[in-house]
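Reading through the structure tokens given below for one structure.
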Amino acid sequence: MAEQEAAAPEGATPEGSDLSRSLLAQVRAASRSAPAKARSAGRSPRRRWRSNSAPAAYSGTGPDDRDPQPIAVSVDDLVSERGWSEPIAVGGVEGRWSQIVGDDIAGHCVPEEFEAGRLTVRTDSTAWATQVRMLAPTLLARLNNELGAGTVTHLQVLGPQGPSWKKGRLRVKGRGPRDTYG
């Protein structure tokens with residue numbers, strides 16, 4: 001390389017590959033003459049991950065918030081953050097209805113709606129509607145035991161839905177059929 005640099009005329013600037021060779025030679029010479037500590041001083045220190053909870057803490061071998069979490073823990077965190085605890089608990093009532101109220105009552109009574117502490121249930125006959133109304137305090141205690149105290153404050157019991165006797169646009173005024181549907 002020294003021979004090629006010497007071959008260039010005085011005062012002429014190297015071009016192309018000659019320029020790259022001369023710059024490489026200068027860098028190698030500078031790196032050999034500089035002490036090791038000075039060479040590493042120009043580098044940025046190794047970056048380490050930082051935890052969100054402790055800004056100055058470095059990542060280590062122990063458990064961390066960034067580690068994979070079981071799905072149950074993640075879902076529980078999501079439910080509590082969004083305030084979905086009560087709606088999810090009430091939604092579970094339909095799936096466990098027969099376990100909560102018993103098979104006899106569940107065979108004749110189904111939950112229809114839950115809104116603002118009021119649970120509405122519908123029975124399949126007027127006799128069962130009367131029976132469930134008499135058992136309302138016991139059923140409320142069972143429901144609050146399963147869902148948490150104060151979740152269900154009122155139990156509304158509806159009888160069977162009667163058929164609609166309205167057919168078409170026109171109808172005759174009056175009391176209609178004399179049968180009882182609730």
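The values are calculated or read from the model by the stated rules, or taken from the named source; none is laboratory data. Source: prediction; values computed, not measured. Don't worry about glycine lacking a Cβ; one is built from the backbone with ideal geometry, like all the others, and counts go over all protein chains shown.
Some notes on this structure:
- Which listed residue is modelled with pLDDT under 65 and exposed (fewer than 10 other Cβ atoms within 10 Å of the Cβ), from Ser40, Ser51: Ser40
- Test: Thr123 is touching a His at 6+ places or on another chain (Cβ under 8 Å), free of Cβ contacts under 8 Å to residues at least 40 places away in the same chain and within 14 Å of Leu158 (Cβ to Cβ): yes
- The residues of segment 76-87 that are part of a helix (DSSP H, G or I) and loosely packed, with under 12 Cβ neighbours inside 10 Å, listed by number, are Asp77, Leu78, Ser80, Glu81, Arg82.
- Segment 2-32: number of residues that are in a loop (DSSP other than H, G, I, E, B), surrounded by 11 or more Cβ atoms within 10 Å (Cβ to Cβ) and modelled with pLDDT of 70 or more: 0
- Each residue in segment 136-182 was checked for being assigned to a loop (DSSP other than H, G, I, E, B), modelled with pLDDT of 75 or more and among the polar types (S, T, N, Q), and 3 pass.
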